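To start, the structure under review is shown below, and the notes come after it.
Just so it is clear, none of the values below were taken in a lab; they were calculated from the coordinates. On a predicted model such as this, the values are computed, not experimentally measured, just so you know.
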């Protein structure tokens, strides 16, 4: 009887040890959570950056593509699209609260509703206020507040969903001391946006 009690106690202690170790992987220095924590700190400190590349959009009714140059300085952005819809160029500059837009067809337009004006001119939805974070691989909120997320083997964002959008990241490369994606795919209902980044400047 005594041997049975001792055996049961050993099994209980072993099970507890296994349970405790299974709930603490995020505390280990080499874990995905630890690598993500270090990576997101770099992204949050990245207030000034620029990219050049291509952007394409596809909706139920149309598909478009253009060259893109994007400069971001804290809240201020300047996005230049060359050859969208085969109609020359479009430049949007401002913040989430005010925008100035120049295009070959409309001339200069200003608005206190940047999202609405840009969507009207593009003909498809572009998540302007969130995209400055999303394009560099930063969800803009703690990962546990996201609807869904997946980290890659290096603890960087591979996929997440938020506010009805699904964002996928591909081909991370180092720019200076920070890894940034070179392909970003955004999906929302019937809209798919693909950004291919040729070069980053930080």
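Annotations
- Taken as Cα centroids, region 64-130 and region 131-162 sit 24 Å apart, rounded to the nearest whole angstrom.
- Cα gyration tensor category, rounded, prolate or oblate, for region 32-201 with a/c compared to 1.5: prolate
- Subtracting the Cα-Cα distance of residue 189 and residue 108 from their residue separation scaled by 0.36 nm leaves 26.1 nm.
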